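Peer 1: This structure is in structure tokens; I'll ask about it shortly.
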Amino acid sequence: MGIPLSKVYIDDEIEKTTLESLLSGWYILGEKVKEFEQKFANFCGVKYAVCTSSGTAAIFLSLLGLDIGPKDEVIVPSFSFIATVSPVLHVRAKPIFVDINLRTYTLDPAEVKRKISRRTKAIIPVHFYGHPADMTPITDIAEENDLFVLEDACQAHGAEYKTRKVGGIGHVACFSFYPSKNMTVCGDGGIVTTNNKEIAEKIKMLRDHGRREKYVHEMIGYNLRFNEIQAAIGIKQLEKLPAWNASRRKIAQVYNRALSGLVITPIEEHWAKHVYHMYVIRTEKRNNLREFLNRNGVSTGIHYPIPIHKQPAISSILGQRASLANSELAANTVLSLPMYPGLATNKVEYICSKIREFSKKSKG
Ligand SMILES: Cc1ncc(COP(=O)(O)O)c(C=O)c1O
């Protein structure tokens, strides 16, 4: 039996709540969605939360909610999942790629400052792999230049920046509930969090055909709604999230102790609480190590092998002028090891022993 990269948690309670919602007769935007939104807002310490059909939809609707559109520039990292950037193009704004720092794999604030122009309208820091971006310098730059900050928190449910939960630091924040995330709704789903009532109301309307009332459409909207069964699952998963994040952090410590000196292990800045959506190491011998682990029953992942500015769909529109050394180095050397709540210590030790074996072999 191999060790998977991640695992979705399902128990009797989740099965029961799923069945109850299935039999309730109400499937879209009902009481469960409202309850989940309220509970998620409370969890993040914000006033409003709006469920959407995915994390990508959350980012897209947030950009529309902030009135970002043609001629606007949006500062983004290139080392992320493409969904950080594709919604920027969907609203016809221009993504401006900025490099990351190699300690946390998040936006480098000094680089952000350098890329501000008259057209810049927003910055999208990504709390990557579960580690928050350095938000104080980013929000300072945003304030000085009258910009919006949209947190991409799709990989960071429960992470903290200077003891504040991510999701309430920027003007809006977006989370994903895709099955590999720290919590899931066992399908696609996302949520926007904000303290701004007007933005929350606009996003709510946009996700449901531009309406507040059944057949009165105040704007041209979309169908990017959320479902009752998934909200019911989300409520249960949210209850377990703090314990799951604690378990991820313990597993990371076991990895850190065993792997230090063998590969570059993840860092937790003194101002951060990392929730290890992924446990990501870095090594020049990434591809060979990956193959070796695979032969030994250990699943791994590469998040992500091609920086966004080099993706064919992006470079064909924007060209490939940007040289983002850290993003490119990370894309060539990162490797995600198995990480999920409850991953047994003896399994982590086995994975680390295999990495030690590989290191010895490849030196000798
Ligand atoms: C950093 C980041 N942004 C955005 C997304 C998009 O989320 P979703 O897959 O729910 O659309 C994801 C997840 O896949 C992600 O990891």
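The values are calculated or read from the model by the stated rules, or taken from the named source; none is laboratory data. Quick caveat: nothing in here was measured; it's all calculated off a predicted structure. Counting neighbours? That spans all protein chains shown, and the Cβs are built from the backbone with ideal geometry, glycine included. Remember, those area values only see protein heavy atoms, side chains included, never the ligands or the DNA or RNA. Shrake-Rupley method; radii C 1.70, N 1.55, O 1.52, S 1.80 Å.
Peer 1: Which of the residues belonging to the stretch 90-142 are under 24 Å from LEU61 (Cβ atoms), surrounded by fewer than 16 Cβ atoms within 10 Å (Cβ to Cβ) and not charged (D, E, K, R)?
Peer 2: HIS90
Peer 1: Among what's in the stretch 290-317 and is open to solvent by 40 Å² or more (accessible area, probe 1.4 Å) and aliphatic (A, V, I, L, M), pick the residue that is modelled with the lowest pLDDT.
Peer 2: Checked the stretch 290-317; the qualifying residue modelled with the lowest pLDDT is ILE317.
Residues are listed down the side, and each one gets a yes or a no for (1) among the charged types (D, E, K, R); (2) within 15 Å of the ligand (Cβ to nearest atom):
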{"site": "VAL192", "(1), (2)": "no, yes"}
{"site": "GLY221", "(1), (2)": "no, no"}
{"site": "ILE229", "(1), (2)": "no, no"}
{"site": "LYS236", "(1), (2)": "yes, no"}
{"site": "ARG248", "(1), (2)": "yes, no"}
{"site": "ILE251", "(1), (2)": "no, no"}
{"site": "VAL254", "(1), (2)": "no, no"}
{"site": "ALA258", "(1), (2)": "no, no"}
{"site": "PRO266", "(1), (2)": "no, no"}
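Peer 1: What is the one condition in (1) over 30 Å from TYR350 (Cα atoms); (2) in contact with a helix residue (DSSP H, G or I) (Cβ under 8 Å, 6 or more places away or on another chain) that MET278 does not satisfy?
Peer 2: (1)
Peer 1: Testing THR52 on (1) closer than 30 Å to HIS309 by Cα; (2) polar (S, T, N, Q); (3) surrounded by fewer than 22 Cβ atoms within 10 Å (Cβ to Cβ), one condition comes back false. Which one is that?
Peer 2: (3)
Peer 1: Looking at GLY158, GLY187, GLY168, which is the one that is in contact (Cβ under 8 Å) with a residue 24 or more places away in the chain, more than 16 Å from the ligand (Cβ to nearest atom) and either crowded, with 23+ Cβ neighbours inside 10 Å or outside any helix (DSSP H, G or I) (or both)?
Peer 2: The unique qualifying residue is GLY168.
Peer 1: Run ALA41 past the list (1) touching a Phe, Trp or Tyr at 6+ places or on another chain (Cβ under 8 Å); (2) within 16 Å of the ligand (Cβ to nearest atom) and report the number of the one that doesn't hold.
Peer 2: Status for ALA41: all satisfied but (2).
Peer 1: Now for a different question. Which of (1) under 28 Å from ILE302 (Cα atoms); (2) in contact with a Ser or Thr (Cβ under 6 Å, 6 or more places away or on another chain); (3) of a type in the set (Gly, Ala, Ser) is the odd one out, the single condition ALA200 does not satisfy?
Peer 2: (1)
Peer 1: Quick check: anything in the stretch 68-87 open to solvent by 10 Å² or more (accessible area, probe 1.4 Å) and modelled with pLDDT under 95?
Peer 2: yes
Peer 1: Within the stretch 191-226, work out how many residues are open to solvent by 60 Å² or more (accessible area, probe 1.4 Å), farther than 15 Å from GLN38 by Cα and not in a loop (DSSP other than H, G, I, E, B).
Peer 2: Summing the residues that are open to solvent by 60 Å² or more (accessible area, probe 1.4 Å), farther than 15 Å from GLN38 by Cα and not in a loop (DSSP other than H, G, I, E, B) in the stretch 191-226 gives 6.
Peer 1: Moving on to the next point. Among the listed residues LEU19, LEU23, LEU63, which satisfies the condition of being aliphatic (A, V, I, L, M) and within 16 Å of the ligand (Cβ to nearest atom)?
Peer 2: Working: LEU19 fails: within 16 Å of the ligand (Cβ to nearest atom); LEU23 fails: within 16 Å of the ligand (Cβ to nearest atom).
Just a single option satisfies the conditions, and that option is LEU63.
Peer 1: In this structure, is GLY69 touching a residue at least 60 places away in the same chain (Cβ under 8 Å) and away from the ligand (no atom under 16 Å from the Cβ)?
Peer 2: For GLY69, the condition - touching a residue at least 60 places away in the same chain (Cβ under 8 Å) and away from the ligand (no atom under 16 Å from the Cβ) - is not met.
Peer 1: Among the numbered criteria (1) more than 20 Å from THR106 (Cα to Cα); (2) within 16 Å of the ligand (Cβ to nearest atom); (3) open to solvent by 10 Å² or more (accessible area, probe 1.4 Å), which one does LYS47 miss?
Peer 2: (2)
Peer 1: How many residues does the stretch 248-289 hold that are aliphatic (A, V, I, L, M), part of a loop (DSSP other than H, G, I, E, B) and open to solvent by less than 30 Å² (accessible area, probe 1.4 Å)? So that I can check it myself, show each step before the final result.
Peer 2: Let us first name the residues in the stretch 248-289 that are aliphatic (A, V, I, L, M), namely 251-252, 254, 258-259, 262-264, 267, 272, 275, 278, 280-281, 289.
This time we only want the ones that are part of a loop (DSSP other than H, G, I, E, B), so: 262, 267, 275, 278.
Restricting the remaining residues to those that are open to solvent by less than 30 Å² (accessible area, probe 1.4 Å) gives 275, 278.
Here the count works out to 2.
Peer 1: Looking at the stretch 208-218, can you tell me whether even one residue there is in contact with a Lys or Arg (Cβ under 8 Å, 6 or more places away or on another chain), of a type outside the set (Ser, Thr, Tyr) and touching a residue at least 24 places away in the same chain (Cβ under 8 Å)?
Peer 2: yes
Peer 1: I'd like to know if the stretch 227-244 contains one or more residues that are β-branched (Val, Ile, Thr), in a helix (DSSP H, G or I) and under 26 Å from SER336 (Cβ atoms).
Peer 2: yes
Residues checked against (1) more than 22 Å from TYR27 (Cβ to Cβ); (2) in contact with a Leu (Cβ under 6 Å, 6 or more places away or on another chain):
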| site | (1), (2) |
| --- | --- |
| PRO179 | no, no |
| GLY190 | no, no |
| ARG207 | no, yes |
| GLY210 | no, no |
| GLU218 | yes, no |
| GLY234 | no, no |
| GLU239 | yes, no |
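Peer 1: Do we find that GLU239 is within 22 Å of the chain's Cα centre (by Cα) and charged (D, E, K, R) in this structure?
Peer 2: Taking the combined requirement at face value, the residue satisfies it.
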